[in-house]
Amino acid sequence: MARIRHASPWEAWLSSLERQRTDLDQFLFQFSPSLLILAAISCFVTITWLIQAIHRTAQRLQDKGWKQTVAMIVTDLPGIRPIVQKEQAKVVSNLRKDIMKGRGEKKVKTFLTLPEASQGKRTLVKCLEERRKILGDVAYSTRGSQASGAIYMGDKALMDLLNSVYSEYSLANPMHADMFPSVREMEAEVVMMTAGLVGGGGTDSQNVCGSMTSGGTESILTAVKASRDYMAATRGIQHPEMIVAPSAHAAFIKASEYFKIRLVKAQLDGDYCLRGRSVEKHVNRNTIMVVASAPGYPHGVMDDVPSIARVCKRHNIMLHVDACLGGFVLPFLRKMEHYDIPPFDFSVDAVTSMSLDTHKFACSHKGTSVVLYRSPDIRRYQYTTVTDWSGGLYISPGFAGSRSGALIATAWAALLYHGMDGYIENTKRMMACSSMLIDAINNNMKNQLKVIGNPIMSVIAFTAVNDPNTNKPVLNIYVVNDIMASKGWKLSALQSPPALHMCFTPAHSESLTQDLIDDLSDAVTEAARRESEGNQDEDQGMAPLYGMAAKVPDRRIVGNFLIAYQDILLEP
C-alpha cells in the first residue's frame, strides 16, 4: 500500500501564496491597466511621503527633544494658542515698559526725517555730546571698565593712536586694491601675523592663509560656508550636517540657518568640555564639519581639540576651531610659566579652519576679525566670482563688497603697537584679575556660588550652589545680576545652567577687580536674604525674562520675546 506524502510547512505556505496570487490576478483583471498604473504611483507617493514624514518627525525629536516637541504640539492646539498669545502680549508689554523706562525723561533732539538744511559742525558736535551724556553711553575711564568684555582697550595712548590711524585711512576701501595698495598689504600682514600665533605664518606657514572680516560672526559664517562648499565639491555631500556643542557660539546656529546645514548638538562632559567620544556618536555620511571652541564664550572652558581632531581625521571631515575669544590670549599664555595650554590650533593636524577676533584681545577697533584656513584650496570656497556680469569681472573675498580700509589699518597698528611683549603683559594682568575672582568665589562665597568648569583664560562663569536639603539653588543668580547692574556692573547672563560670567580685559585692573568682588559679595548676601524671605523682587530688570526662559519648554515662545525685545530696541 502506497504511503501518503504530506506537504511540508514550506510547501503548504508556497501553495497558499500561489492561490492568493491567482485570486489577486482575477480581482485586478476587472480594472484597466492605466488605472492600475495610477494606483501604483499613488501608493508609491503615499508611502514615500509617510517615510519622509516619519524621518522628519524622528529628526525633530532628535534635534528638539521630546519635551520641546510635545510642548510645540500642545501650544499649537486651538484652545491653547489664544491663552499663550494673551500671556505673551502681557510679558511683551512689561518688557517694553522696562526698556522704555526713563527714556521719556531723557530728552534729546531726534531726527526722524532728513532736515532741509545742513545742521553745521557746531550743532552736530553739540548734539553728539548731549546724546552721549543724556542717554548714558559708556565712555573711556582711567578707572577702567565695569563691563564684562565689550571694552577691551585700556590704554589711552593706544586709543588716541588708533583714532589717528583711522582718520588717515577713512577713505580707503580694499575692494579697490589698485587705489589703496597699502591697505591690501596691511590686510595680508595682519593675516600672516595672526597665523603665526596659531601654528602658521612665516617660513613654517604650512600654506595657512585667510582674510579679514568684520567680526567673529562673519569669520564663523565665512568658515562654515567655505567648509560646506568644499565638502560638496570634494565629497559630494548635498545634505550637510555640522556637529557643535551647546556652548558653541550662537553664530554657528546663524550659519546653519543661513546655509541650510543641519545642526547636531553633541553633549558636553560634566566639566563643560566637548570631547571626541561625544562627537563620535553623531558622525554620519552627511557630517561636513565639527566645531571646537578655544575657549567657549559661556564658561571660558576650552574643548578637547586633540581628541576631537582624531575623530575628524578618522572620518575625513572638517574641524573648525573658534578662537575668537582665545586667539590673542592663549598663544601668550603658552609663553608664560605655570600655564599648561593643550594644543588647539594648526599644530593639530586635523584643524582645517580657525576664527580669531582682532577687535577683542588684540585691542583694535570694532569690528575686525581674521578667518584662517589650512590651505588656499579651502579658502577659495569663501570667494564669490562672477564672470558674466555686465558690470565687468567681479570677485569678492567674503560677504561684504566694500569694506573699511581704516579698520584694517587700525588692526595692523594695534598688533605692531603691542608686539609679543605687550600682549604678554596684558595677559598677565588679566589672569591676575581672574585669579582674584576665582579665589574670592572659592573661599569667601563658596556657600552661595561656585565656578563653572575649569576656565582656561580670563572668562570666569559662576552659578549658585544648591541647598543640600532641597537640591535647589540657594539664591536666584539673575537677581544677583540685577543687583550688580544697579551698582553699575554689566555682567553677562547665561542659561543652562543659570549663571553669570565676567570676562576680564585689558580695561580691568586689580583694584577694580577688588571693587567687583566687594560688590558681588554684597549682591550675593542680598539675593540670599531675598530667597530666604521668599521675596525675589523679580518684577524689574532681566530676572523675569531669564526666569521665564528657563521654565518655558516651547522655545518658540522665548524666541518671540527676543524678537519683541529687538523690535523695541530698534524703535526711535
Protection proxy ranking, peptides 340-351, 207-218, 109-120, average beta carbon neighbours within 10 Å, highest first
207-218, 340-351, 109-120
Of the peptides 431-438, 166-173, how do they stack up when ordered by the mean number of other Cβ atoms within 10 Å, highest first?
431-438, 166-173
Protection-proxy order for peptides 19-31, 306-318, each taking the mean of Cβ atoms within 10 Å per residue, highest first:
306-318, 19-31
Specify which residue in the list THR123, ILE151, ASN163 is farthest towards the positive end of the charge dipole of the stretch 123-177, using unit charges on the beta carbon of Lys, Arg (+1) and Asp, Glu (-1), about the Cα centre.
THR123
What shape does the stretch 319-398 have by the C-alpha gyration tensor, where a ≥ b ≥ c are the square roots of the eigenvalues, rounded means a/c under 1.5, and otherwise prolate means a/b greater than b/c and oblate the rest?
oblate
Estimate the FRET efficiency between ILE134 and ARG285 by the formula 1/(1 + (r/R0)^6), using the beta-carbon distance for r and 56 Å for R0, to the nearest 0.05.
0.45
Roughly how big is the stretch 287-358's charge dipole about its Cα centre, with Cβ charges of +1 (Lys, Arg) and -1 (Asp, Glu), in debye to the nearest 20?
220 debye
Hey, what did the stretch 318-440 get for relative contact order, percent, Cα under 8 Å, at least 6 apart?
25 percent
Among the lysines, which have Cα under 27 Å from the Cα of LYS126 when same-chain residues fewer than 8 positions away are ignored?
LYS101, LYS106, LYS107, LYS109, LYS156, LYS366
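Kirkwood Rh over Cα pairs of the chain into Stokes-Einstein at 37 °C, 0.692 mPa s: D in µm²/s?
119 µm²/s
Computing the accessible area with a 1.4 Å probe over protein heavy atoms, can you report the carbon and sulfur percentage for the chain?
After summing per-atom areas, the C and S share lands at 56 percent.
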Anything in the chain that counts as a DSSP H helix reaching 24 Å or more along its axis (C-alpha) with Kyte-Doolittle mean of at least -0.5? List them, would you?
33-64, 181-197, 216-235, 405-444
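The values are calculated or read from the model by the stated rules, or taken from the named source; none is laboratory data. Since we're looking at a predicted model, the values are computed, not measured. When we count neighbours, we look across all protein chains shown, and the Cβ atoms used for this are built from the backbone with ideal geometry, even at glycine. In case anyone asks, the SASA skips ligands and DNA or RNA and just uses the protein heavy atoms, side chains included. Shrake-Rupley method; radii C 1.70, N 1.55, O 1.52, S 1.80 Å.
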